[in-house]
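This report refers to the structure that appears directly beneath it.
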Amino acid sequence: MKTLNIIGSGRVGRACGRLWVEKKVFEIQDVLTRSRESAGVAVKFIGAGHAVGHLSEMRPADIWMIATRDDAIVPSCVTLAASGKVVPDDIVFHVSGATPSGDLQPARRSGALIASVHPIKTFTDAEQASRTFAGTYCAAEGDREALRVLRPAFEKVGAKVFEIKPELKAVYHAGGVFACNYLAALIEAAMRAHEKAGIPRAASLKALEPMVRETVDAIFEKGPARALTGPVSRGDVATIKRQLAQVAEWDPGMAELYRGLGMLAVALAEDDQRLDAARSGDLRAALSGR
């Protein structure tokens with residue numbers, strides 16, 4: 001069984017560490033975080049490993065996982081490479097969706113194989129994430145030899161691994177931001193619009209919930225184009241103009257959001273062949289203010 005050292009105690013790292021222990025995938029060896037105390041908490045959660053307080057205490061390992069926040073990945077890799085602990089054919093990888101594996105070049109210069117495997121999952125709680133990890137899709141990129149080890153390691157704990165282009169890692173991660181982070185922002189935009197119209201926020205959230213859940217279900221059952229409803233899908237130019245005018249008067253920033261999403265909605269309606277060229281043109285003109 002290959003040995004694994006963990007640098008950082010992020011929720012992704014802790015959840016994966018626990019799953020690898022449960023499935024006997026890796027021997028978790030040493031865990032380093034910002035303090036020996038927090039490393040001890042991580043080790044207790046994982047169920048294996050030895051908490052250390054400094055990189056100098058970490059033993060040699062076959063695999064090094066950097067599970068820090070994004071802005072600490074490169075500094076952690078630089079420190080690890082400079083320590084001399086990484087030897088040729090070790091694997092050094094991280095679990096960030098925003099950072100390409102190429103940023104681990106300091107480790108590669110020490111002879112290590114480098115990679116990144118990013119679970120497409122919300123890790124609000126490591127305990128819950130470890131229980132619900134099976135079926136999670138993971139985006140992988142990096143050295144082929146490293147992925148030959150990491151892919152089955154993630155698959156053994158229920159992941160579905162696919163590879164992405166490392167040079168487009170930021171675009172890939174933006175997809176997750178649109179679908180998850182900005183979905184929350186869109187609900188907030190809807191609540192602010194309701195609040196402006198006199199609906200209390202708590203009531204707005206309750207009122208929106210059934211519609212949002214039905215829409216999300218329809219998206220994953222039929223696809224975004226078929227799930228699209230509302231004035232754009234009907235080609236209702238007058239409603240779009242009226243809404244945009246009032247939203248712009250209330251909040252110009254919200255109006256820009258409305259315009260941008262409206263243009264994308266027009267493209268979806270075209271994909272579903274609901275709009276002819278003339279009606280699409282009228283909708284785009286209305287959204288652009290022409």
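Quick notes on this one:
- Here the Kirkwood formula puts the hydrodynamic radius of region 146-290 at 17.9 Å, using every distinct Cα pair.
- Expressed to the nearest 5 percent, the antiparallel share of DSSP beta bridges inside the chain is 20 percent.
- The residue list Gly230, Tyr258, Gln246 was ranked by how far each Cα lies along the charge dipole of region 171-288 toward its positive end, using unit charges on Cβ atoms, and Gln246 comes out on top.
- Put simply, the Cα atoms of the chain extend 69, 39, 32 Å along their principal axes, the longest span coming first.
- Percentage relative contact order, the chain, counting C-alpha pairs under 8 Å, at least six apart: 11 percent
- Computed magnitude of the charge dipole of region 3-164 (debye, nearest 20; Cβ of K, R +1, Cβ of D, E -1): 320 debye
- Both numbers refer to the Cα atoms of region 3-164; Rg and Dmax are 14.0, 37 Å.
- Dipole in debye (nearest 20) - region 171-288, about Cα centre, beta carbon charges: Lys, Arg +1; Asp, Glu -1: 180 debye
- Gain upon complete extension [Val216, Ala170; 0.36 nm per residue less C-alpha separation]: 14.1 nm
- Here's how it looks for Ile91: its modeled amide H is under 5 Å from those of Ile63, Trp64, Leu113, which are all 5 or more places away or on a different chain.
- Spatial separation of Cα centroids for region 167-222 and region 108-125, in angstrom: 29 Å
- With contributions of -39500 (n - 2.57) from each DSSP H run of at least four residues, the per-residue ellipticity at 222 nm computed over the chain stands at -16500 deg cm²/dmol.
- Region 3-164: antiparallel DSSP beta bridges as a percent of all, rounded to 5: 20 percent
- Electrostatic dipole magnitude of the chain [Cβ: Lys, Arg +1; Asp, Glu -1; Cα centre; debye, to 20]: 280 debye
The numbers here are math on the coordinates, done by the rules we state, and not lab data. Keep in mind that this is a model prediction, so the values were computed, not measured. Every residue, glycine as well, gets a Cβ built from its backbone with ideal geometry; the counts of neighbours run over all protein chains shown.
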